[in-house]
There are 2 protein chains.
Amino acid sequence: MAKELKGLTKRSDNYSQWYNELVVKADLAEQSPVRGCMVIKPYGYAIWEKMQQQLDKMFKETGVQNAYFPLLIPKSYLCREAEHVEGFAKECAVVTHYRLKNDPNGSGVIVDPDAKLEEEYIIRPTSETIIWGTYRNWIHSYRDLPLLINQWANVMRWEMRTRLFLRTAEFLWQEGHCAHATAEESEARTVQMINLYADFVEKYMAIPVIKGVKSPNERFAGAVNTYTIEAMMQDGKALQSGTSHNLGQNFAKAFDVTFVNKDNKPEYVWANSWGVSTRLMGALIMTHSDDNGLVLPPHLAPIQVVIVPIYKNDEQLKQISEHVQPIVDELKKLGISVKYDDADNRRPGFKFADYELKGVPVRLAIGARDIENGTVEVMRRDTLEKKEEKLEGIAQHVAELLEDIQNNIFEKALKQRESMTRTVETYDEFKEEIEKGGFILAHWDGTTETEELVKAETKATIRCIPLDGDTTPGVCMVTGKPSKQRVIFARSY
Amino acid sequence: MAKELKGLTKRSDNYSQWYNELVVKADLAEQSPVRGCMVIKPYGYAIWEKMQQQLDKMFKETGVQNAYFPLLIPKSYLCREAEHVEGFAKECAVVTHYRLKNDPNGSGVIVDPDAKLEEEYIIRPTSETIIWGTYRNWIHSYRDLPLLINQWANVMRWEMRTRLFLRTAEFLWQEGHCAHATAEESEARTVQMINLYADFVEKYMAIPVIKGVKSPNERFAGAVNTYTIEAMMQDGKALQSGTSHNLGQNFAKAFDVTFVNKDNKPEYVWANSWGVSTRLMGALIMTHSDDNGLVLPPHLAPIQVVIVPIYKNDEQLKQISEHVQPIVDELKKLGISVKYDDADNRRPGFKFADYELKGVPVRLAIGARDIENGTVEVMRRDTLEKKEEKLEGIAQHVAELLEDIQNNIFEKALKQRESMTRTVETYDEFKEEIEKGGFILAHWDGTTETEELVKAETKATIRCIPLDGDTTPGVCMVTGKPSKQRVIFARSY
């Protein structure tokens with residue numbers, strides 16, 4: 001592993017390659033034999049599970065319940081909402097047959113032409129259509145509303161260029177689909193969920209985000225408004241980290257979902273949907289990690305503390321182990337996940353490099369002399385700083401250190417983002433600044449034409465119209481037309 | 001809901017129809033527009049989540065880690081193991097294209113013929129092939145073993161006749177896939193997992209099971225030995241509730257997965273796989289429920305206790321609510337999930353019927369006079385028995401009652417099974433007894449021919465060769481040839 005670590009490309013040499021190597025070397029995920037699809041390895045999956053558990057808890061606290069809808073979507077369903085089919089039909093996996101048979105001319109199996117489906121199915125790229133097709137039978141009266149449902153599922157979009165976690169043909173996600181009796185209630189839920197995502201990403205993933213609204217051009221296919229949280233990676237590129245869509249009555253109309261309102265009149269139901277995916281794993285890796293490997297936020301690290309004994313013989317190991325056991329117990333009592341690595345087939349230096357690569361937030365190293373002196377060496381992964389601490393009260397010290405690391409990496413990412421966020425007045429200035437990466441705050445006239453011109457000329461897109469911050473009007477940097485407020489431009493993943 | 005309940009068919013009139021209706025009326029699941037696929041509704045999914053959480057905990061306690069492998073399997077992978085492809089090729093969903101396009105002759109979309117895949121993919125019916133194709137790169141030395149991995153996933157088998165939960169084209173499950181350095185270790189893990197399943201099903205689902213080995217004819221496609229747990233439903237039919245397969249070196253050979261053993265020699269890896277699915281939901285419903293609706297084991301009930309206030313006016317409701325709040329708090333403190341249903345748009349009688357239909361284990365009803373007397377009416381769902389209890393200490397009483405219900409429904413199911421399990425000596429006797437339902441213990445000569453004859457003539461199959469119990473040899477009831485021990489015959493789901 002030490003040898004493999006040596007092979008990790010430096011961020012400054014090639015950020016993109018550094019990321020690709022790190023995902024594989026840290027045992028998070030790898031390419032599968034299926035085009036564009038990944039295998040999420042146990043260590044990567046353990047992080048995703050922690051994220052899922054926390055999000056699921058937060059959803060349920062707002063009254064959301066989980067359910068499960070079919071993987072396959074009848075082709076005709078996709079077509080019911082005009083913008084939706086336009087957005088998803090071009091990159092979907094199509095199921096056309098339901099049987100294979102022995103090849104009469106060979107040794108393998110072939111698709112059985114007699115088992116052709118009357119109507120093809122597509123593997124869900126998102127589930128609005130199948131879910132609203134189902135809600136039709138669930139919703140009759142305002143008493144059936146709101147309906148607050150989420151599902152954890154796999155989805156598939158046949159992307160041409162894929163990268164582990166960031167863009168894969170199959171990915172894991174959650175998708176919430178709420179139905180409401182009024183436009184106001186649906187809008188409030190849409191905003192509530194983007195706020196929930198921002199809380200989760202900032203408090204658990206330690207990634208600062210900017211909340212905003214997408215420009216019409218970047219909206220979800222079928223939405224009337226899309227909220228987003230945007231994070232900045234270490235290379236200055238933006239990563240869309242979660243979205244919440246106000247769908248208006250579009251899907252209710254497409255699937256004829258009406259309810260009898262309090263005035264006893266039929267009305268179309270108001271909808272929203274919201275989701276985050278395994279893409280967040282990419283954000284997690286790219287925001288905090290360094291040239292030595294992963295840096296994991298303590299709140300999501302599968303192993304928060306590793307203890308490595310330094311010994312010359314079995315007797316020393318036995319003595320150290322006896323002193324370590326009560327520390328392990330005490331850490332566990334504090335709810336901290338700890339691993340005592342006394343494996344004798346790997347040397348301490350190897351273990352150190354491996355746990356650094358894996359991003360374990362705190363490492364304790366303890367030798368025979370430490371036992372004599374009542375001390376222990378404590379290393380924090382975020383700064384790689386080592387300190388000698390007293391064995392007495394070490395569990396409490398580690399607990400505080402973990403919180404300190406959590407805060408520190410958030411602050412570090414926030415400072416990085418702030419240092420790479422600039423305001424520009426002219427398009428010339430913009431073109432110069434965008435080359436340096438980061439977020440550029442600029443005035444925009446609100447038209448798709450201008451947005452597309454900027455994209456074509458600079459590869460930068462409008463990440464969002466920020467909800468918070470400066471809302472002073474001005475004039476568009478490109479056209480000179482009026483602008484309501486500055487928006488954020490960036491190149492993005 | 002009361003009206004709907006009235007419509008529930010009685011078990012004695014039509015057990016099969018009773019089941020179909022109950023699944024829908026109790027809001028567990030329903031048919032979807034996708035052939036043979038179900039929607040799992042929030043109440044049904046909440047039960048499945050509780051099952052998942054407990055199983056996941058038990059897996060992890062044995063050292064298993066979760067991971068995630070692709071949904072799609074290249075057609076050529078399926079063909080690598082001869083028996084495996086034979087078992088699964090005839091009922092699988094085949095992905096042949098990756099794009100739709102606008103129909104030049106119409107308004108909808110059609111499959112784009114230019115987007116035909118070079119090699120078709122099938123939606124996983126089970127993941128041995130894709131996983132062993134991946135393990136090839138993960139396993140090199142005995143130090144990499146054992147590899148103990150599980151995934152929670154959706155799978156698809158294009159079944160012709162489907163029933164909610166019991167047999168659906170898409171279902172949710174977990175599949176464990178372990179790799180070992182020796183045949184003995186792999187066999188030990190195979191047995192460990194069938195024991196774990198039996199523990200889970202008996203202790204949490206309150207369903208007694210018989211552990212046994214499948215006859216060669218009923219083995220998993222590609223296994224050298226399949227262990228099973230078999231449960232008996234109220235109608236006397238068997239339901240296979242979990243399986244654990246010793247795969248020998250079959251998949252290691254098919255995917256060329258070798259390791260260097262301790263003697264420094266290359267050897268094929270030893271494998272096992274094991275799984276349970278949403279089919280268990282069917283077993284849960286059919287084992288305990290009655291003509292009034294669901295009966296849920298307290299250990300898996302999403303709501304364990306419901307409290308219904310009986311009041312004539314707002315003042316009474318307020319007074320009752322003040323007395324109920326501390327009970328709710330105390331129940332929660334004991335880890336019991338409780339719902340106080342003070343909704344004013346449904347009458348108590350309606351609520352009672354609804355919670356009975358939903359199988360809530362304990363119901364407390366509390367009126368103004370109860371408050372005066374310091375009493376509460378306690379109804380247990382399993383026996384429908386009502387008792388007046390003192391308000392003081394009610395939380396502790398409910399906690400004990402829940403355990404009592406858990407034990408009682410297990411014992412009831414066990415007695416039912418015992419009363420419907422008989423031993424026969426002759427094939428004539430067998431033919432008569434099998435018509436009455438239940439498990440028949442009979443001697444069998446160990447051949448597939450005899451097994452298939454019995455199946456063709458009586459629709460009964462060998463559920464398992466039991467691991468525990470009588471192992472006295474005898475002679476086959478059909479052929480008179482020697483038999484090592486009695487096996488269990490039954491008709492099954």
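Observations
- Some residue of the stretch B:172-185 being closer than 28 Å to B:Val454 by Cβ and at pLDDT 95 or above: no
- The residue list B:Ile123, B:Ile139 contains one member that is in contact (Cβ under 8 Å) with a residue 40 or more places away in the chain and more than 14 Å from A:Val34 (Cα to Cα), which is B:Ile139.
So that you can scan it fast, the table gives a plain yes or no per residue for (1) touching a Gly at 6+ places or on another chain (Cβ under 8 Å); (2) without any contact (Cβ under 8 Å) to a residue 60 or more places away in the chain; (3) more than 21 Å from B:His97 (Cβ to Cβ); (4) open to solvent by less than 50 Å² (accessible area, probe 1.4 Å):
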residue: A:Val64; (1), (2), (3), (4): yes, no, yes, yes
residue: A:Tyr68; (1), (2), (3), (4): no, no, yes, yes
residue: A:His84; (1), (2), (3), (4): yes, no, no, yes
residue: A:Gly108; (1), (2), (3), (4): no, yes, no, yes
residue: A:Val111; (1), (2), (3), (4): no, yes, no, yes
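- Residue in the stretch B:10-18 that is open to solvent by less than 40 Å² (accessible area, probe 1.4 Å) and modelled with pLDDT of 95 or more present: yes
- When the stretch B:91-106 is filtered for residues that are surrounded by 17 or more Cβ atoms within 10 Å (Cβ to Cβ), free of Cβ contacts under 8 Å to residues at least 60 places away in the same chain and either within 26 Å of the chain's Cα centre (by Cα) or over 30 Å from B:Glu218 (Cα atoms) (or both), the ones remaining, listed by number, are B:Thr96, B:His97, B:Tyr98, B:Arg99, B:Leu100.
- Set side by side, the residues A:Arg380, A:Arg347 differ, and just one is of a type in the set (Lys, Arg) and over 34 Å from the mean Cα position of the chain (by Cα), which is A:Arg347.
- B:Phe430 vs. criteria within 16 Å of B:Ala231 (Cα to Cα) and of a type in the set (Phe, Trp, Tyr): no
- The numbered conditions (1) facing chain B (nearest Cβ under 7 Å); (2) buried (at least 18 other Cβ atoms within 10 Å of the Cβ); (3) assigned to a loop (DSSP other than H, G, I, E, B) are all true for A:Pro33 except (2).
- Some residue of the stretch A:44-59 being charged (D, E, K, R), more than 7 Å from every other protein chain (Cβ to nearest Cβ) and crowded, with 16+ Cβ neighbours inside 10 Å: yes
- Filter pass, A:Ile40 being open to solvent by less than 10 Å² (accessible area, probe 1.4 Å), of a type in the set (Val, Ile, Thr) and in contact (Cβ under 8 Å) with a residue 60 or more places away in the chain: yes
- Strands (runs of 3 or more DSSP E) fully within the stretch B:389-493 counting 3 or more residues that are of a type in the set (Val, Ile, Thr), at pLDDT below 95 and open to solvent by less than 80 Å² (accessible area, probe 1.4 Å): none
- Within the stretch B:295-320, the residues that satisfy the criterion of being open to solvent by less than 10 Å² (accessible area, probe 1.4 Å) and of a type in the set (A, V, I, L, M) are B:Val295, B:Leu296, B:Leu300, B:Ala301, B:Val305, B:Val306, B:Ile307, B:Val308, B:Ile320.
- Check on A:Ile207, assigned to a loop (DSSP other than H, G, I, E, B) and either in contact with an Asp or Glu (Cβ under 9 Å, 6 or more places away or on another chain) or not small (Gly, Ala, Ser) (or both): yes
- Annotation note: of B:Arg219, B:Arg167, B:Arg189, the sole residue that is open to solvent by 10 Å² or more (accessible area, probe 1.4 Å) and modelled with pLDDT under 95 is B:Arg219.
- Test: residue in the stretch A:179-195 that is over 28 Å from A:Ser141 (Cα atoms) and within 20 Å of the chain's Cα centre (by Cα): yes
- Scanning the stretch B:133-172 for residues that are part of a helix (DSSP H, G or I) and either at the interface with another protein chain (Cβ under 9 Å from one of its Cβ atoms) or among the hydroxyl-bearing types (Ser, Thr, Tyr) (or both) gives B:Gly133, B:Thr134, B:Tyr135, B:Asn137, B:Trp138, B:Tyr142, B:Arg143.
- Within the stretch A:95-131, the residues that satisfy the criterion of being at the interface with another protein chain (Cβ under 7 Å from one of its Cβ atoms) and either in a loop (DSSP other than H, G, I, E, B) or polar (S, T, N, Q) (or both) are A:Thr96, A:Tyr98, A:Arg99, A:Gly108.
The values are calculated or read from the model by the stated rules, or taken from the named source; none is laboratory data. If you're wondering where the values come from, they're calculated on a predicted model, not measured in any experiment. All Cβ positions, even for glycine, are placed from backbone atoms using ideal geometry, and neighbour counts span all protein chains on display. Just the protein is used for accessible areas: all its heavy atoms, side chains included, with ligands, DNA and RNA removed. Shrake-Rupley method; radii C 1.70, N 1.55, O 1.52, S 1.80 Å.
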